[in-house]
Structures are given as C-alpha cells and as structure tokens.
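Taking it in order: structure first as structure tokens, then the write-up.
The values are calculated or read from the model by the stated rules, or taken from the named source; none is laboratory data. Being a predicted model, the structure only gives us computed values, none of them experimental. FYI the Cβ positions are ideal-geometry reconstructions off the backbone, even for glycines, and counts take in every protein chain you see.
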Amino acid sequence: MSRSIRPNRNPPSLTFRPLAPQNWNDLEALFGPRGACGGCWCMFWRLPRAQFERQKGDANKAALKALAGARTPLGILAYAGEQPVAWCAVAPRETAPALERSRILKPIDDTPVWSITCLFVSKASRRQGITPQLLKAAVAYAMAQGAGAVEGYPVEPKKSSMPDPFAWTGIASAFRKAGFEEKLRRSETRPIMRYDLSKEQR
C-alpha cells in the first residue's frame with residue numbers, strides 16, 4: 001500500500017501526551033504485535049545494528065518499556081478522544097547513536113538538537129492530515145524540555161506516493177507544513193530539516 005502525500009483538508013482534533021509508564025499500554029495497543037514494524041518497537045536508532053537485529057520483537061519491546069519506566073524522554077502519543085492514533089519519537093539526538101553512524105544523517109553543525117526519528121500513524125488514521133499536527137506537538141514537547149532546536153530526517157518522495165514502510169521517518173512536505181526548514185541534503189531524497197525554537201521566544 002502507498003502513502004499519499006496530499007493532506008486531508010479537515011484533520012481530526014487531537015490531544016498529545018508524552019510516553020510514560022501510565023500510558024505504556026496505549027503505545028502497546030497502537031504498535032500491535034509487530035511493534036509498529038518488524039519488531040522494531042522504536043529501538044532502531046537507539047541500538048547498535050547487530051544488537052537491534054538480535055532483539056527484534058519482545059526484547060526490543062522490553063528495552064523500550066524499561067526506558068519509559070525510567071522516564072527517559074522518548075516521544076509523544078496522539079489521541080483522538082481516548083484512542084491512541086499516532087506516535088512521534090522525539091528526544092535528544094545523543095539518545096539515538098545510530099544517527100551518528102549514518103553517512104547522510106550525521107550532524108550538520110555543533111548545535112545541540114532534539115531529533116524526530118520515527119512517526120507511526122495507525123492504519124485507520126492515515127491520510128487524514130495528522131502528521132503536521134503531530135510534528136508541531138513534538139516541537140512543543142521538546143521546547144518544554146529545554147530544547148533549542150528540533151531536527152527531522154524525512155523522505156522526499158520522487159513520486160506522489162510511496163509505500164508506507166518507507167515513510168517511517170516522515171514526509172518532507174509534512175515537516176514544511178509544521179514549520180521546519182531544510183538545512184542540508186546529502187542525499188537526493190533525504191533532507192535534514194530543522195525547527196529553530198528560538199523563533200518561538202521572539
């Protein structure tokens with residue numbers, strides 16, 4: 001199945017909550033038995049590749065749950081009413097060491113940033129304009145935690161649609177709608193985009 005990049009003109013009303021022990025069950029329900037995708041449980045960027053592969057499934061789930069229990073900043077859940085419909089992983093870049101090993105996503109300067117590394121929207125809620133709302137909420141959450149800038153690493157599709165599994169870091173157009181600006185592009189389809197939180201304080 002492909003993901004359209006054309007937004008819904010009437011996105012649903014959402015509320016947002018940081019992941020914490022109290023709402024772990026909501027993330028578990030949203031991700032389902034596959035852990036969002038292939039047993040990832042949002043641990044891909046947090047672990048060395050070999051360890052991630054060994055832990056796919058229940059071990060990755062346990063690792064993320066332990067981080068949530070320690071109240072490590074991990075990300076936010078979006079709710080339509082009381083139903084969890086989407087997830088955005090946002091945390092200090094240093095908590096995602098796999099980014100440092102990426103040739104195209106390595107740091108662009110010395111600015112301390114929070115990184116948005118994963119977006120997951122429930123199948124029933126896709127193509128409804130949720131992602132820009134989710135990104136704006138992630139920026140607000142990071143700002144409340146003292147972040148000075150938030151980066152994202154979306155895909156810039158060459159066509160008007162792309163398979164959902166390839167859009168897990170987000171689509172560049174959604175980041176632009178949320179106020180992010182492209183800072184660098186080392187790959188044709190992978191811009192590095194940033195939201196400078198200082199402009200919120202002017």
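Assessment of the stretch 65-86 against the conditions (of a type in the set (D, E, K, R), under 14 Å from LEU30 (Cβ atoms) and in a loop (DSSP other than H, G, I, E, B)) yields at least one matching residue.
Residues of the stretch 87-96 that are part of a helix (DSSP H, G or I) and either touching a helix residue (DSSP H, G or I) at 6+ places or on another chain (Cβ under 7 Å) or basic (Lys, Arg) (or both): ARG93, THR95.
Residue-by-condition table, conditions (1) over 29 Å from PRO132 (Cβ atoms); (2) surrounded by fewer than 18 Cβ atoms within 10 Å (Cβ to Cβ); (3) in contact (Cβ under 8 Å) with a residue 40 or more places away in the chain:
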position	(1), (2), (3)
GLY32	no, yes, no
CYS37	no, yes, yes
GLU53	yes, yes, no
ALA59	yes, yes, no
GLY81	no, yes, no
TRP87	no, no, yes
ALA96	no, no, yes
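For the stretch 58-72, the count of residues that are within 12 Å of the chain's Cα centre (by Cα), at pLDDT 95 or above and among the small types (Gly, Ala, Ser) is zero.
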